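Structure first, then comments.
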Amino acid sequence: MILLTSIPDFLNFSPPMAIVSTTNLSKTYETGIFRKTQIAALSGVSLSVEDGQIFGLLGPNGAGKTTLIKLLLGIAHPTSGEAAVLGHPLGSVAIRQNIGYLPENHRYPPFLSALQTLMYFGRLHGIPRSHLVGRARSLLALTGLSDWATMKIKKFSKGMLQRLGLAQALLADPPVLFLDEPTDGVDPIGRKEIRDILTTLRRGGKTIFLNSHMLSEVEEISDRVAILNKGRLVHVGSVKDITAHRLEYEIQLTAPPSPEVLSGLRALCKHVEVSGNRLTVHFFDQTQTQAVLDHLRTSGLALESFSPKKSKLEDYFIQLLKPREEA
Amino acid sequence: MKALWLSVLTLRESVLKGTLLFFFIVSNLILLFFVIALGVTEEGGTTSLTLFGSIISPRGIEGFNAVQFILRQLFAGSTFWVLLFGLFATAGLIPSMLEKGTVELYLSKPLSRTSLLFSRAAGACAGIIFNLLYFAIAIWLIFGIKAGAWEGGFLLAAISTVPMFFFYYSVVAVTALMTNSTGFSIMFALIYYFFSGALAAREQVLYIWWDNPVFHRLLDVLYYATPQISPMIESATELIGPDFMRSRGMESAGGFDPLPFVWSLLSSSLLYAFAAWYFSRKDY
Ligand SMILES: Nc1ncnc2c1ncn2[C@@H]1O[C@H](COP(=O)(O)OP(=O)(O)O)[C@@H](O)[C@H]1O
Ligand SMILES: [Mg+2]
C-alpha cells in the first residue's frame, strides 16, 4: 500500500481515461415466432471514447448505432464481447447514475407539460425537488423552451421535442451524454442551435457520444468519428484525418490541358484527374494550391471556375460503405 | 426512494389520464344513489331497510341483521365488478411504460428493472385501492348513519380487497410484459378472470369436459398456481356479520378462510417473480 502510494508523480503514467470502451461487442437480435430470425445488429465492435470528447458515430439507417448505445446503457443485452462505461461493467446502475440519454424517437407522456416532464424524469433520476425546479427552468431557458414551459407536450413540434429531450438528458448534469440523432426532424436553425449547445457543453468538460446518419451533423463538432456499417466499424479516426480529403478542388478550364501541362501538374501534386475541361485536384495544403494555380496560369490556361469539391466527406463516407454493400 | 417516487408518479399518471377520475365519479354516483334512496321504515312493529321507500330487508330479517345481510350481498355481488373495473383503469400502466421511445427513458434511469416493475404495479394498484377504500368507508358510513348499524366486518372485507387486487395484477403484469399491449393485457386478464371462476368450481364445471384423471390434476395444479379470485371474494364475504349468519344456519357460512389468500399470495409471488425475471432479460 505504502509502496503504491509513494510512487513519485513523474512515474505515475496515467493515460487519458476511457469513458466508453468496448471490445468485440456484438449483438444478434432474435425475432419472430420461436426466435428463428437472427439479425446481426452489431458484430465485433471495439472502440474507445476518451474524456472530454465529442465522439460522432456515423452510419446509414440500420447500421447498429442505436443498438450500440442501448447496449452501453443496459437497455439491450450484448450477445458477446465486453464493454465498460466510466469503468463500470454494462448493466450497472452506476452507469445510469452518471449519464444523460436522448433516445431516438423518444416519447414523453403526452399529458405532461415540458416542465412537468423534466420534474417527472428528474425525480426518477433521484434529483431532490428543491434542486430540480431551478435546474429544470434553467435548462428550458438553455434549450429555448421557457415560453412553452407549461404547455402540454402533445402540442410540441418535433424540433421542440428534441430540445426538451436534450434538456431531459442534461437534468442531472451528468459528465457523459448519449445523444441518438439529436437533430433529427429539427429545422436548419434549430440544428445549428443544438450544435452550439453541444459545443458549449464540451467546453464545460462533458463527454458526448453522438449518433447520426447525417455526416454534416457530426463533422463540424466531433473530435473523433467512427463509421459503422451493417454492424461493423469501418473507420475510426479524428475528424482531421477525414477532413484532409477536403482539400480536393474542381477546376474548370476554358480548354482541355495539354499532356505537358498535365505532367507539370502531376509533379506538383499527387492526385490529378482529367475529364475534358475539368480537373479534379488533390492538395495537401494551401501553398500547393497557389503553386498549381500559378502553373496553370503560366501555361496560358484560363480558369472558368475553381471550387472546393462539395461534401468530400460525404463521398468518402459513401466510398467506405460501398464495398461492403456490394459484398 | 426513487422507486417510491415512481409509484407516486404512476398514480399521478392514472389520475392525469382520466381513467381513475372516471372510476371515482362512478363510485360517487353509486354512493349518491344510496344516500338518496336508502331509508328505514317501522312497519308492523319491525324495522326494515328501504330503497326509494320499498322494503329491501328480506322477510324475517330485521334491523341490524338486515344491514349485515345486505352488505354481504353488496360485497359478494360488487367486488367482482369493482376489481374488473379497476383492471380496465390500470391495465395500461405497464404497457405505457414499455412503449417504444418511452421505455428507453425509464430504463436509462438509475433504477433496477425490478424496482421499475414493482413501483409501476404498486402505483397502479394504489389508485384502485384508494378508490375502493374510499367507496367502502363511505358505504359503511351511509349504512351506519341511516340505519344505525355499524358493521365493522364490512370494512375488514373491504381491506381484504387490497391484497386481492395486487394478487390479480400479477396476471396483468406478466401479460403486459410479454405482449407490450394494453389491449392484450385487458383481454387476457378478463379471460383469466372468468377462467379462474371456472377453476374454482372445476369439480362441477371443468371436470365434466373430459373425464380424464390427468386432465383433472392439471386443472388442480392450475387452480393452485394462479391467484384464486372468487374463493378470496367468497371467503372475505364471511367477514361480514359472521356470527349472525352462522346462528341462522345459512349456507356457505363457513367463516373466513385464509387459505385462498395464502395460495394466491404464493402464486402471485411466483407470477411477479417470473415477470421480474422476464423483464430483466428482455431487450428494448
Ligand atoms: N429490438 C430489436 N429487435 C430486432 N431487431 C432490431 C431491434 N432493434 C434493432 N434491430 C435491428 O438491428 C439493426 C440495427 O438497428 P439500429 O441499431 O436501430 O440501427 P441505427 O440506429 O444505426 O439505424 C437493424 O437491422 C434493426 O432492424
Ligand atoms: Mg438509430
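The values are calculated or read from the model by the stated rules, or taken from the named source; none is laboratory data. Keep in mind the model is a prediction, meaning the values are calculated, not measured. Cβ coordinates were reconstructed from backbone atoms using ideal geometry, including for glycine residues, and neighbour counts include every protein chain displayed. The protein model used for the area step is the full one, side chains on, heavy atoms only, and it has no ligands, DNA or RNA in it. Shrake-Rupley method; radii C 1.70, N 1.55, O 1.52, S 1.80 Å.
Leaving out ligands and nucleic acids, note down the accessible area per residue over the range A:246-309 with a 1.4 angstrom probe, in whole Å².
Per-residue accessible area for the range A:246-309 comes out at 56 Å².
What's the total accessible area buried between chains B and A, using a 1.4 Å probe, rounded to the nearest 100 Å²?
Working: alone 14170 and 17240 Å², together 28800 Å².
Interface area, both chains combined: 2600 Å², rounded to the nearest 100.
In deg cm²/dmol, rounded to 500, what helix-only [θ] at 222 nm does chain A give when every DSSP H run of at least 4 residues adds -39500 (n - 2.57) and the total is split over its residues?
When only DSSP H runs of four or more count, the value is -11000 deg cm²/dmol.
Considering only protein heavy atoms, with the full assembly of protein chains and a 1.4 angstrom probe, order B:Ile208, A:Ile197, B:Ile30 by accessible area, largest first.
From most exposed to least exposed: B:Ile208, B:Ile30, A:Ile197.
A drop of at least 40 square angstrom in accessible area, chain alone versus all protein chains together, probe 1.4 Å. Which residues of the range A:54-101 meet that?
A:Lys70, A:Ile75, A:His77, A:Arg96
Tell me which residues come under 5 Å, amide H to amide H, from A:Ile54 once H is placed; ignore anything under 5 positions away on its chain.
A:Ile208, A:Asp223, A:Arg224
Which is the longest stretch in chain A that no exposed loop site breaks, taking sites as chymotrypsin sites (Phe, Trp or Tyr not before Pro) with a DSSP loop state and at most 12 other Cβ atoms within 10 Å?
After excluding every exposed loop site, the longest remaining stretch is A:14-283.
Let me know the whole percent of all Cα-Cα pairs from the range B:50-130 that are separated by more than 14 Å.
More than 14 Å apart: 73 percent of the Cα pairs in the range B:50-130.
So what's the back-of-envelope 222 nm ellipticity for chain B, counting only DSSP H runs of four-plus at -39500 (n - 2.57) apiece and dividing by all residues, rounded to 500?
Numbers: 13 runs with 211 residues, N = 284.
The helix-only estimate for chain B comes to -24500 deg cm²/dmol at 222 nm.
Let me make sure I get this right: for the range A:246-309, a, b and c are the square roots of the gyration tensor eigenvalues over alpha carbons, sorted descending. Under 1.5 in a/c it's rounded, otherwise prolate if a/b > b/c, else oblate. Which is it?
Taking the square roots of the gyration eigenvalues as a ≥ b ≥ c, the range A:246-309 is rounded.
Two decimals, Cα atoms only, Kirkwood Rh: what is Rg/Rh over the protein assembly as shown?
1.17
With an 8 Å Cα cut-off and a minimum separation of 6 or more residues, compute the relative contact order for the range A:34-124 in percent.
17 percent
Restricting to Cα pairs below 8 Å that are 6+ residues apart, what does the relative contact order work out to for chain B? Please round to a whole percent.
Details: 335 pairs, mean separation 62.9, N = 284.
That works out to 22 percent.
Rounded, prolate or oblate: which fits chain B, taking a ≥ b ≥ c as square roots of the Cα gyration tensor eigenvalues, rounded meaning a/c under 1.5, else prolate when a/b beats b/c?
oblate
Calculate the length of the line joining the C-alpha centroid of the range A:18-37 to that of the range A:85-144, in whole Å.
Here the answer is 26 Å between Cα centres.
State, as an integer percentage, the relative contact order of the range A:246-309 based on alpha-carbon contacts under 8 Å between residues 6 or more apart.
52 percent
Which of the trypsin sites (Lys or Arg not before Pro) found in the range B:1-94 are in a DSSP loop and have at most 11 neighbouring Cβ atoms, other than their own, within 10 Å?
Within the range B:1-94, the qualifying trypsin sites (Lys or Arg not before Pro) (loop, at most 11 other Cβ atoms within 10 Å) are B:Arg59.
May I have the extent of the alpha carbons of chain A along their three principal axes, as whole Å values ordered from largest to smallest?
The Cα atoms of chain A stretch 75, 57, 56 Å along the principal axes, largest first.
Shape of the range A:117-173 from its Cα gyration tensor (a ≥ b ≥ c, root eigenvalues): rounded if a/c is under 1.5, otherwise prolate when a/b > b/c, or oblate?
prolate
Which loop chymotrypsin sites (Phe, Trp or Tyr not before Pro) in the range B:200-232, with loop taken from DSSP, have no more than 16 other Cβ atoms within 10 angstrom of their Cβ?
Details: sites: B:Tyr207, B:Trp209, B:Trp210, B:Phe215, B:Tyr223, B:Tyr224; in loops: B:Trp210.
Of the chymotrypsin sites (Phe, Trp or Tyr not before Pro), the ones in loops of the range B:200-232 whose Cβ has at most 16 other Cβ atoms within 10 Å are B:Trp210.
Which entries in the list A:Lys70/A:Lys158; A:Lys154/A:Lys206; A:Lys155/B:Lys17 go over 26 Å, if you measure between the two C-alpha atoms of each?
A:Lys154/A:Lys206
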